[in-house]
Amino acid sequence: MFDTPMTPKLFLDRVLNGAAVGIVVGLIPNAITGELFKLLARLFPDISLFTTLGQVVVGLQFTVPVIVGVLIGMQFGFTAVQTVIVGTASFVGSGAMKFSPDGVMLVGIGDLINTMITASVAVLILAWVGNRLGSLTVLFLPIIGGGIAGLVGILTLPYVTFITTAIGTLINTIAASQGLGLAASVLIAMIFAVMIVSPISTVAVALAIGITGPAAGAASLGIAAAAAVLMIGSLRVNNAGVTWSTFLGAMKMMMGNLLKYPIMVLPLVLVGGLTGLVGGILGIQGTPETAGFGHSGLVGPIAAAKQLDQGGIAAILILVLVYFVIPIALAAAVHALCLKIGVYQARIFAFSPQGAPVTEGAADEPLDPDASASGGAPTTRSADTDAGASPARA
């Protein structure tokens, strides 16, 4: 049984919150330091430490399904054994592990949607089993909870990955349309701006369809635009850690907010589309390997710099302008306008506190930055708080 009366909304909130934090924990190290270690390894080839550090942060990414499963289990107040079972089942169901005649290999972080589905199945099984196994829990619970949930994940994986395939087909169609011109850059940037905040992997889509050239540049700029939107929106309602995390590459930590407040799509597509338009005019390009990262770890800007006609200071200025200045300025303007005319309230960007399992309604309340900054217990404000109010920033 669950620790509190469970509703579908509360169940979904807990799954999304656990997944959001798990993604941050697993992806942020490589997103922030990966390119830096690669650069240092090239500059100092005799020092193997930088190469090793690069491999370490890349290796951390492969643990994302396990981390997501463990944190989802913690959201439901499970014991250590139950929590680990959710994590192992999530890894198996994610699709990150492939079997071949030559052995087992890792193929990225898997499908995040299927990871959450598998974790949800594991949670339901473990809640149903409860304490029925008594002293045999350690023997049979991993088989029942982990094995059955993992099997369900493997069976659903081909159908869930169809979502990624369908989106990839749409993007390929847009990119291949000769008559669209700059409109293709706008549309692709819009799609990736929304997709980076959703459970769908932008990296997986970009690699699957082999997006390249101006289309890859637009995809990268769409992600940078989404980061700017989330950072500007987060400034008023979250602490500094959440704000900087979203801007530096952990945009998916806001996917719960996107699903609960679909109006968030509006600033994402507006800023993403306009940024993509500017990028198309300036000739920003990319590769399949960089399109899904945006500005995280400077992956997108570095790829674009190699294909710009300009060089030196001019190239740097263009990249700073299109990846940082323009998205942030547009995000600030769009956010201010939406608040002024009442399109949405500032609280839609409030990230739920993660110190304890989410309770009914708590995920809809903004985090009080003052409480977090002072080290005290997080508190929430009333849901009818005026969107124009300006709480102190952490």
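The values are calculated or read from the model by the stated rules, or taken from the named source; none is laboratory data. Not measured: the values here are computed from a predicted model. Using ideal geometry, Cβ is built from the backbone for each residue, glycine included, and neighbour counts are taken over all protein chains shown.
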Would it be correct to say that Pro29 is assigned by TED's automatic domain parsing to the domain that holds Leu10, closer than 25 Å to Met251 by Cα and free of Cβ contacts under 8 Å to residues at least 60 places away in the same chain? yes
The residue from Ile232, Ile200 that alone is aliphatic (A, V, I, L, M), assigned to a loop (DSSP other than H, G, I, E, B) and in contact (Cβ under 8 Å) with a residue 40 or more places away in the chain is Ile200
Is it fair to say Gly210 is at positive phi and either assigned by TED's automatic domain parsing to the domain that holds Asp309 or out of contact with any Phe, Trp or Tyr (no Cβ under 9 Å at 6 or more places or on another chain) (or both)? yes
Might you check whether a residue that is on the phi > 0 side of the Ramachandran plot, surrounded by fewer than 22 Cβ atoms within 10 Å (Cβ to Cβ) and either not charged (D, E, K, R) or not assigned by TED's automatic domain parsing to the domain that holds Met253 (or both) occurs anywhere in the range 333-350? yes
I'd like the full set of residues that are farther than 16 Å from Thr202 by Cα and touching a residue at least 60 places away in the same chain (Cβ under 8 Å), limited to the range 277-297. Leu277, Gly279, Gly280, Ile281, Gly283, Ile284, Gln285
Mind checking which residues of the range 275-309 are of a type in the set (A, V, I, L, M), in a loop (DSSP other than H, G, I, E, B) and touching a Ser or Thr at 6+ places or on another chain (Cβ under 9 Å)? Ile284, Ala291
Determine, yes or no, whether Ile67 is touching a helix residue (DSSP H, G or I) at 6+ places or on another chain (Cβ under 6 Å) and among the β-branched types (Val, Ile, Thr). yes
Only one of Ala19, Ala41 is in the same structural domain as Ile154 (by TED's automatic domain parsing) and either under 20 Å from Ile200 (Cβ atoms) or in contact with a His (Cβ under 6 Å, 6 or more places away or on another chain) (or both); which? Ala19
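Tell me, which helices (runs of 4 or more DSSP H) lie completely within the range 103-188 with 2 or more residues that are surrounded by fewer than 16 Cβ atoms within 10 Å (Cβ to Cβ) and under 27 Å from the mean Cα position of the chain (by Cα)?
148-176
Do the conditions hold for Thr290, that is, is it in the same structural domain as Ala226 (by TED's automatic domain parsing), out of contact with any strand residue (DSSP E or B) (no Cβ under 6 Å at 6 or more places or on another chain) and at pLDDT below 85?
Taking the combined requirement at face value, the residue satisfies it.
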Here is a list: Leu27, Leu60, Leu40. Which entry is more than 17 Å from Gly108 (Cβ to Cβ) and not in a loop (DSSP other than H, G, I, E, B)? Leu40
When you check Thr173 against the structure, is it free of Cβ contacts under 8 Å to residues at least 60 places away in the same chain, closer than 23 Å to Leu10 by Cβ and not small (Gly, Ala, Ser), yes or no? no
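Taking the range 290-320 only, how many residues are of a type outside the set (Val, Ile, Thr) and either exposed (fewer than 15 other Cβ atoms within 10 Å of the Cβ) or in contact with an Asp or Glu (Cβ under 6 Å, 6 or more places away or on another chain) (or both)?
Selection size over the range 290-320: 9.
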Just one of (1) among the β-branched types (Val, Ile, Thr); (2) under 13 Å from the mean Cα position of the chain (by Cα); (3) surrounded by fewer than 17 Cβ atoms within 10 Å (Cβ to Cβ) trips up Val56, so point out which. (2)
Starting from the range 78-90, take each residue that is assigned by TED's automatic domain parsing to the domain that holds Thr118 and list its partners that are of a type in the set (S, T, N, Q) and part of a helix (DSSP H, G or I), counting only C-beta distances under 6 angstrom and pairs at least six apart or across chains. Ala89/Thr118; Ser90/Thr115; Ser90/Thr118
Here are some conditions: (1) more than 23 Å from Ile117 (Cβ to Cβ); (2) in contact with a helix residue (DSSP H, G or I) (Cβ under 8 Å, 6 or more places away or on another chain); (3) not basic (Lys, Arg). Ala183 meets all but one. Which one does it not meet? (2)
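Scanning the range 235-265 for residues that are assigned to a helix (DSSP H, G or I) and of a type in the set (Phe, Trp, Tyr), which turns out surrounded by the most Cβ atoms within 10 Å (Cβ to Cβ)?
Phe247
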